[in-house]
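The values are calculated or read from the model by the stated rules, or taken from the named source; none is laboratory data. Computed from a predicted model, the values in this text were never measured in an experiment. FYI the Cβ positions are ideal-geometry reconstructions off the backbone, even for glycines, and counts take in every protein chain you see.
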Amino acid sequence: MVVDYTGRATCPASIRATRHGGRILTCGATTGFQAITDLRYVWTREHSIIGSDGWTREDLEKLLKLVADGRLTPLIDRTVGLSGVAAAEQALEDRAVLGKIIVDPRLG
């Protein structure tokens, strides 16, 4: 399964990366809504493409329990204080981030 939040820039690669019978979950399009790809990968590998518009409260509670139990580790690129928000935003715009950026006001 591939979860694609990005859209246009990553959708073709997400489809190519998915194995036979795999699923692609699309839940965002930060780089654009029109993702042009070679559809042969979809039918020859019998992919399922699923759209999702968000989380229910129950889903979020289950996810947080998985993290709390140590069964799922979120990918965090960096943690910054308020003084680092501008640089963190620039890193997001430059696509120089792998995972999430955490803003912790206690860090200053």
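May I ask you to list the residues in the stretch 43-63 that are closer than 30 Å to ASP94 by Cα and in contact (Cβ under 8 Å) with a residue 12 or more places away in the chain?
ILE49, ILE50, GLY51, SER52, ASP53, GLY54, listed by residue number.
Confirm whether ILE102 is assigned to a loop (DSSP other than H, G, I, E, B) and either hydrophobic (A, V, I, L, M, F, W, C) or touching a strand residue (DSSP E or B) at 6+ places or on another chain (Cβ under 9 Å) (or both). Against the criterion (assigned to a loop (DSSP other than H, G, I, E, B) and either hydrophobic (A, V, I, L, M, F, W, C) or touching a strand residue (DSSP E or B) at 6+ places or on another chain (Cβ under 9 Å) (or both)), ILE102 does not qualify. The set of residues in the stretch 54-82 being of a type in the set (Ser, Thr, Tyr) and surrounded by 12 or more Cβ atoms within 10 Å (Cβ to Cβ) consists of THR79 alone. The set of residues in the stretch 14-27 that are closer than 24 Å to ARG95 by Cα, small (Gly, Ala, Ser) and surrounded by fewer than 14 Cβ atoms within 10 Å (Cβ to Cβ) contains only ALA17. Among the residues examined, SER83 does not qualify as touching an Asp or Glu at 6+ places or on another chain (Cβ under 7 Å) and either in a helix (DSSP H, G or I) or aromatic (Phe, Trp, Tyr) (or both). When the stretch 1-23 is limited to residues that are within 15 Å of GLY54 (Cα to Cα) and not acidic (Asp, Glu), the one that is modelled with the lowest pLDDT turns out to be TYR5. So, GLY51, is that one among the small types (Gly, Ala, Ser) and under 23 Å from GLY7 (Cβ atoms) or not? So GLY51 fits the description; yes.
The selection criterion, being in contact with a strand residue (DSSP E or B) (Cβ under 8 Å, 6 or more places away or on another chain), surrounded by 11 or more Cβ atoms within 10 Å (Cβ to Cβ) and not in a helix (DSSP H, G or I), holds for GLY7.
Going by the conditions given, is GLY81 touching a Leu at 6+ places or on another chain (Cβ under 6 Å) and more than 14 Å from LEU25 (Cα to Cα)?
Working: touching a Leu at 6+ places or on another chain (Cβ under 6 Å): yes; more than 14 Å from LEU25 (Cα to Cα): yes.
When the stated conditions are applied, GLY81 passes them.
Condition check ((1) over 17 Å from TYR5 (Cα atoms); (2) part of a loop (DSSP other than H, G, I, E, B); (3) in contact (Cβ under 8 Å) with a residue 24 or more places away in the chain) across all residues:
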{"residue": "VAL67", "(1), (2), (3)": "yes, no, no"}
{"residue": "ASP77", "(1), (2), (3)": "no, no, yes"}
{"residue": "ALA87", "(1), (2), (3)": "yes, no, no"}
{"residue": "LEU92", "(1), (2), (3)": "no, no, no"}
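Of all residues in the stretch 68-108, those satisfying the criterion of being touching a Pro at 6+ places or on another chain (Cβ under 8 Å) and at pLDDT below 95 are GLY99, LYS100.
For the stretch 28-53, filtering for residues that are surrounded by 14 or more Cβ atoms within 10 Å (Cβ to Cβ) and part of a helix (DSSP H, G or I) leaves 2.
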